[in-house]
Amino acid sequence: MIIGTFIFYFLLFLILFSYPGIRNKEKSNTLLKFLAIPAILGIIITFFSFIKVFFIYKLFFLLFGFVTFLLTYWQWGERFRRWWR
C-alpha cells in the first residue's frame, strides 16, 4: 500500500511539474533533475501518509518547507550556487 501511495503522488507531482507553463525553457532539463523533485516530494508525502497526517497538513508542511527553502536561498544563494557547480 505504501508503494502504491508513493507511485500515486510521484505521478501527480510528475504531471504537475511537466506542465508546459511551469517549466523554465532556458535551464537544462536533464532526466535526473526532472525526476528528482517529484520523487522527493512523493517520498515526503508518502511518509506523511504513513504517519497519518491529513492531506491539508501535508500541503501546509510542503508550503512551509518551500518558504523556508526560498528564504534560505535568498540568504545563502550565492554559496549554494558555488557549491552546486
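Throughout, read-outs are computed from the coordinates displayed, never taken from laboratory work. All of these numbers come straight from a predicted model, not from anything done at the bench. In this analysis, Cβ positions are derived from the backbone assuming ideal geometry, glycine residues included, and neighbour counts consider all displayed protein chains.
Note on Met1 and Phe55: the model spin-label points, each 7 Å out from Cα along the C-beta direction, lie 1.7 nm apart. Note on Leu16/Trp74: beta-carbon distance plugged into 1/(1 + (r/R0)^6) with R0 of 30 Å gives a FRET efficiency of 0.80.
Using the average count of surrounding beta-carbon atoms within 10 Å as a protection proxy, the listed peptides 39-49, 66-76, 2-12 rank, highest first, as 39-49, 2-12, 66-76.
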